[in-house]
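See below for the structure under consideration.
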């Protein structure tokens, strides 16, 4: 064996073991060895039962809808209607608006079901496909989060948060697109002479991409049932493919974010317990976070940090924060923007990029979207301050 290669293996092994000992040593010292392993197993199990299968159900429905949308021409219509909007904002075809709607109405992975549909993909260049992960994630659980905030009485703030999330999505997708093109050494695509606003039907785009879709001679009912079942089956495959990323990464995020289920009792080895390290780190950055996001109390940083792993869990913090006076209307606007734009992307991005067969771009997707979420929060803060000043 080559000595240089042998040294590299030994060095990698030392780093791996060091990180492993530091991680489990820290958790064990805080929670106790028994509670630590019990919490890891319980959290992983609850994520599988409560989150993964829920996402799979979403993927099945979205897959069925996406397949039928492509089969009956809805994809073609959306591309025609929204090309003038999606092109200037995201440099993506108009049909990508369908991805925004499906994730806004459900959750991040819903766009992957569409991205596996050939009729949908025929509108995209190869370098644009990875950007769908960032686009869809920026609107994940948007309807649920917006409804939740409106239900608390913050209508204006929820709408401002939605605008902030849109701005964050544009930043995330644009950065991702630039980095993907740079990695693929695509210096200029203007030579293709493709004006998206003039591509009004799928046949033209198929010709440009050298893709042909056979015409169906089946009846409408047969096409409906076939598309629905095939799309649903694709959703099952997507749900299975995201299991490793969701369980492993989200378990780590959860245990680093939350504290004991009952602080008075201490650690009990229950699901979703943790050492609360990430909020502590956030407090140390309050000098920077307050002017950017307008948070009046450093404890508010717990929401966006938690939203990195699971926006649903982050939402549960809001009523308590309001009751204790930790947050106000400005924080609600920022929470909505960052919660929607990030929407637990650390726990889903890996699985989503893997499902898109772009595993080598996971790092670029995560860092680009992290910046997009920060931009969403800053934009929401500025928009809220503007409305308070002039309206």
Item checked: Between region 105-174 and region 296-315, the Cα center-to-center distance that results, in Å -> 19 Å
Note to self: If I model a spin label at residue 155 and residue 360 as a point 7 Å from the Cα along the Cα→Cβ vector, what separation in nanometres do I get?
What the structure shows: 5.2 nm
Check: Using the per-residue mean of other Cβ atoms lying within 10 Å as a proxy for protection, in what order, highest first, do the peptides 365-376, 150-161, 15-26 fall?
Finding: 365-376, 150-161, 15-26
Next item on the list: Compute the acute angle (0 to 90°) between the alpha-carbon long axis of helix 74-90 and the principal axis of greatest extent of the alpha-carbon atoms of the chain; round to the nearest 10°.
Entry: 60 degrees
Note to self: Can you tell me the orientation of helix 53-71 relative to the chain, as the angle in degrees between its alpha-carbon axis and the longest Cα principal axis, to the nearest 10?
What the structure shows: 10 degrees
Checklist line | Amide N of region 356-378 lying under 14 Å from the label point, which is placed 7 angstrom from the Cα of residue 19 along Cα→Cβ | finding: 363
Next item on the list: Extending each Cα 7 Å along its Cβ direction at residue 371 and residue 296, get the distance between those two points in nm, one decimal.
Entry: 3.3 nm
Checklist line | Prolate/oblate/rounded call for region 223-373, Cα gyration tensor, a/c under 1.5 rounded | finding: prolate
Check: Taking a quarter of the surface of the convex hull around the Cα atoms of region 35-175, what do you get in nm²?
Finding: 10.5 nm²
Margin query: Could you tell me how far the Cα centroid of region 42-70 sits from the Cα centroid of region 233-260, in Å?
Written below: 12 Å
Next item on the list: For the chain, count all C-alpha to C-alpha pairs, find those more than 34 Å apart, and express that count as a whole percent of the total.
Entry: 34 percent
Check: What percent does the relative contact order of region 31-390 come to when contacts are Cα pairs within less than 8 Å and at least six residues apart?
Finding: 27 percent
Checklist line | Rounded tilt (10° steps) of 220-241 against the dominant C-alpha axis of the chain | finding: 30 degrees
Next item on the list: Return a whole-number percent for the relative contact order of region 1-122, with Cα pairs under 8 Å and 6 or more residues apart as the contact set.
Entry: 21 percent
Check: For 340, 49, 56, 254, what ranking results if the residue with the fewest other Cβ atoms within 10 Å of its Cβ goes first?
Finding: 49, 56, 254, 340
Check: Given only helices, namely DSSP H runs of n ≥ 4 each adding -39500 (n - 2.57), what is the per-residue ellipticity at 222 nm of the chain, to the nearest 500 deg cm²/dmol?
Finding: -22500 deg cm²/dmol
Next item on the list: Can you give me the three principal axis dimensions of region 263-349 from its C-alpha atoms, in Å, biggest first?
Entry: 37, 32, 24
Next item on the list: Express the relative contact order of region 254-371 as a whole percentage, based on alpha carbon pairs under 8 Å and six or more residues apart in sequence.
Entry: 19 percent
Checklist line | Sorted by Cβ neighbour density within 10 Å, fewest at the top, the residues 270, 116, 182 | finding: 182, 270, 116
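Computed from the coordinates by the stated procedures, all read-outs in this text should not be read as laboratory data. This one's a predicted model, so the numbers in the text were calculated from it and none came from an experiment. Glycine also receives a Cβ, built like all others from the backbone with ideal geometry; neighbour counts cover every protein chain displayed.
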